[in-house]
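See structure below.
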Amino acid sequence: MSKQIITISREFGSGGRSVGKRVAELLDVPYYDKKLVEQVAVETGFDEKFIEQEGEYASPWQSLLSYAFPGARLRHPVNSGLSTADFLWVIQCRVILDLAEKGPCVLVGRCADYILRDREDVLNVFIHAPIPYRADRVVRLYGESDQSPEKRLEEKDRRRRAYYKHYANRDWGMGQNYHLSLDSSLVGVERCAQLILDVARNPEP
C-alpha cells in the first residue's frame, strides 16, 4: 500500500523542514509544523513559542533522567498530576493522531514517527547532514549568536535526542527507527523530496 502520511525527523540545520514542505507541495497535502504548534496552543492555552520549545526539546532535567532512567517522568502538582512537559506530550499525541486520521499529510518533528507507529500507511524519514554543512546553513538562515554555530547544533540535537529517548524510549537518529535516512548535504532538498515521494507512492509489497 502507498504511504499516505510522511513524518520528517531531522538534525538541526539539516533542512528537514524545507524537505517536508517540498514533499507536501509535490503530494498536494497539508504540511504540519507551525500549524501543529498552533493547534496544541489552542487546546492547551500555552504560548506557541513555549510549545515550540517544550514540545520537542527536553529540559536539562529531562535530559539527565532520560539517560539515567529511561522512561522516567518529572512530575509536579499541576494539570492533574502531570508535569507541564507530560501534559504537552499527551495533547501533542492527540493532535498528531487526529491529524493523521483526517487524511494524507506531512508531519515534521515532535516524535510523530513514534506516535504513529501502529499505522501501516506512514513513511518515516530522518534528514541529517555533516556539522560543517549544518553550521553554515544555520548562520545563513538565522544569523550569528553568542554561541558558535557548532555549539548551537550540539545543544539542539542533544535536547532532541533526550526528548525522543524520554518519550519514545528509542535512540533518535538511529536508522532502524526510520524507513529512509537521507544526507541533505549530498542529496539536496529537491532530490530528498523526490526520493521520499517515489518511495511513498511505490513502496515494495
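I'm checking my understanding of the structure. Among residues of region 24-47 that are over 18 Å from the mean Cα position of the chain (by Cα), surrounded by fewer than 18 Cβ atoms within 10 Å (Cβ to Cβ) and part of a helix (DSSP H, G or I), which one is modelled with the lowest pLDDT?
43
Out of 91, 131, which single residue is over 18 Å from residue 24 (Cα atoms), β-branched (Val, Ile, Thr) and open to solvent by 50 Å² or more (accessible area, probe 1.4 Å)?
Among 91, 131, only 131 is over 18 Å from residue 24 (Cα atoms), β-branched (Val, Ile, Thr) and open to solvent by 50 Å² or more (accessible area, probe 1.4 Å).
Pull up region 1-13, narrow it to residues that are among the small types (Gly, Ala, Ser) and touching a Lys or Arg at 6+ places or on another chain (Cβ under 6 Å), then point me to the one that is most open to solvent (accessible area, probe 1.4 Å).
Going through region 1-13, the residues among the small types (Gly, Ala, Ser) turn out to be 2, 9, 13.
Those still in the list that are touching a Lys or Arg at 6+ places or on another chain (Cβ under 6 Å) too: 2, 13.
Working: 2: 42, 13: 10 Å².
Selected residue: 2.
To keep it simple, each residue is scored yes or no on (1) surrounded by fewer than 18 Cβ atoms within 10 Å (Cβ to Cβ); (2) polar (S, T, N, Q); (3) not in a helix (DSSP H, G or I).
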| site | (1), (2), (3) |
| --- | --- |
| 159 | no, no, no |
| 163 | no, no, no |
| 166 | no, no, no |
| 176 | yes, yes, no |
| 198 | yes, no, no |
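Return the pairs, sorted by first residue and then second, in which the second residue is among the β-branched types (Val, Ile, Thr) and open to solvent by 20 Å² or more (accessible area, probe 1.4 Å), the first residue lies in region 101-129 and is closer than 23 Å to residue 156 by Cβ, the beta carbons are less than 7 Å apart, and the residues are 6+ apart or on different chains.
106/29
For residues in region 118-164 being under 17 Å from the mean Cα position of the chain (by Cα) and among the aromatic types (Phe, Trp, Tyr), which is nearest to residue 177 (Cα to Cα)?
If we take residues in region 118-164 being under 17 Å from the mean Cα position of the chain (by Cα) and among the aromatic types (Phe, Trp, Tyr), then 126 is nearest to residue 177 (Cα to Cα).
Of the conditions (1) more than 26 Å from residue 118 (Cβ to Cβ); (2) open to solvent by 40 Å² or more (accessible area, probe 1.4 Å); (3) modelled with pLDDT under 95, residue 21 satisfies every one except a single condition; which number is it?
(3)
With modelled with pLDDT of 90 or more, buried (at least 19 other Cβ atoms within 10 Å of the Cβ) and of a type in the set (Asp, Glu) as the only criterion, which of 118, 113, 171 stands out?
After applying the criteria, what remains is 113.
The values are calculated or read from the model by the stated rules, or taken from the named source; none is laboratory data. Quick caveat, the model's predicted, so the values are computed rather than measured. Positions of Cβ are generated from backbone atoms using ideal geometry, with glycine treated the same way; all protein chains shown enter the neighbour counts. Remember, those area values only see protein heavy atoms, side chains included, never the ligands or the DNA or RNA. Shrake-Rupley method; radii C 1.70, N 1.55, O 1.52, S 1.80 Å.
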